[in-house]
Each structure stands twice: as structure tokens, then as C-alpha cells.
1. Which members of the range 51-62 meet the condition of being within 23 Å of residue 117 (Cα to Cα), touching a residue at least 12 places away in the same chain (Cβ under 8 Å) and either surrounded by fewer than 18 Cβ atoms within 10 Å (Cβ to Cβ) or in contact with a Phe, Trp or Tyr (Cβ under 8 Å, 6 or more places away or on another chain) (or both)?
2. Would you say residue 74 is in a loop (DSSP other than H, G, I, E, B), open to solvent by 80 Å² or more (accessible area, probe 1.4 Å), modelled with pLDDT of 95 or more and of a type outside the set (A, V, I, L, M)?
3. Every residue in the range 99-130 that is part of a loop (DSSP other than H, G, I, E, B), out of contact with any helix residue (DSSP H, G or I) (no Cβ under 7 Å at 6 or more places or on another chain) and within 22 Å of residue 58 (Cβ to Cβ), please.
4. So, residue 21, is that one closer than 19 Å to residue 100 by Cβ, surrounded by 21 or more Cβ atoms within 10 Å (Cβ to Cβ) and at pLDDT 95 or above or not?
5. Test of understanding: among 90, 5, which residue is under 26 Å from residue 117 (Cβ atoms), among the polar types (S, T, N, Q) and touching a helix residue (DSSP H, G or I) at 6+ places or on another chain (Cβ under 8 Å)?
6. Consider only pairs whose beta carbons are under 8 Å apart and that are at least six residues apart or on different chains; among these, list those whose first residue lies in the range 63-81 and is closer than 14 Å to residue 5 by Cα and whose second residue is basic (Lys, Arg) and in a helix (DSSP H, G or I).
7. Answer yes or no as to whether residue 82 is touching a helix residue (DSSP H, G or I) at 6+ places or on another chain (Cβ under 9 Å) and part of a loop (DSSP other than H, G, I, E, B).
8. Between a first residue in the range 10-32 that is more than 14 Å from residue 77 (Cβ to Cβ) and part of a strand (DSSP E or B) and a second residue that is of a type in the set (S, T, N, Q) and at pLDDT 95 or above, which pairs have beta carbons less than 6 Å apart while being 6 or more apart in sequence or on different chains?
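The values are calculated or read from the model by the stated rules, or taken from the named source; none is laboratory data. Note that the structure is predicted; figures quoted are calculated from it, not measured. Heads up, the Cβs are rebuilt from the backbone with ideal geometry, glycines too, and the neighbour counts pull from every protein chain shown. Note: accessible area is taken over every heavy atom of the protein model, side chains too, but ligands, DNA and RNA are not part of it. Shrake-Rupley method; radii C 1.70, N 1.55, O 1.52, S 1.80 Å.
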Amino acid sequence: MPLATLKEVLGIATQSKTAIPGFNIDNIEIPEAIITAAEEYHCPVILTIGQGAIQAGQMHHLADVVRRLADESTVPVVMHLDHGASYEQTIQCLRAGFTSVMFDGSSLPLKENILGTKRVVDYARIHHVS
């Protein structure tokens, strides 16, 4: 099935009164193993790509792998950016097909953090990202 949004998966969690596991991924073997286990237990899953993988130049590669695995999966899979380091990086991940992002402006002054968060939300709404 195509990638799910975090909103969709949290709806499943609420309805079933269960937690949805989330895992950081750094290579192609990890998401394959996680999705295999998730399918065995009929459980949605959140795959997160963080700064380590992004700084190693793996963002697009991992996004392609996760998208392919999700397309072949029988359970909902969310592709999540963990702690987006900048507005630009967060938007790049949305453009790469991430269905959930966390912009981390915690190192910025409060007003800049709020503005950056608002800009990400505005971008997602304009480009119909759920």
C-alpha cells in the first residue's frame, strides 16, 4: 500500500487503543526487517530517518527504499523525518515523499522557531501534504 500519513496511523492507534512502534533506520536492511515483523503482527509502523542518515547522504536512498517497501507492504507505513535541522531540509524531505516531518527549531530563538514551524505547516498545506 502507499505510504500512510502519521494522522492516518494515529487514527488506527486511537481506534484500536494500541501504540504504533517507530524505528530509526540507517540502512536498507533495517526497514526490510521491521516491515516483515510489522506484517507478521498486522501492525502499522513508523520508519524515521534522522540526522545521522541525512548527514551521511542517505536521505534520498532511504526514502526510495521505504517508499518501495511500503508499496509492497500489507500494513500502513509512515516515513518520518526525525528532528529536521532546518526549514530547507524539512521541505526537501516533504518533496522526497516523507509523510510526516518534525521541524526542530529548538536551537533557534522562540520567535524564529515559531516562524519556521509555521512556514513548514503552510508549505505542507499549500502542497496538500497531510
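1. Across the range 51-62, the qualifying residues are 51, 52, 60.
2. yes
3. Answer for the range 99-130, where residues must be part of a loop (DSSP other than H, G, I, E, B), out of contact with any helix residue (DSSP H, G or I) (no Cβ under 7 Å at 6 or more places or on another chain) and within 22 Å of residue 58 (Cβ to Cβ): just 104.
4. no
5. Going through 90, 5 in turn, the sole match is 90.
6. 79/67
7. No: the conditions fail for residue 82.
8. From residues that are more than 14 Å from residue 77 (Cβ to Cβ) and part of a strand (DSSP E or B), the pairs are 24/48.
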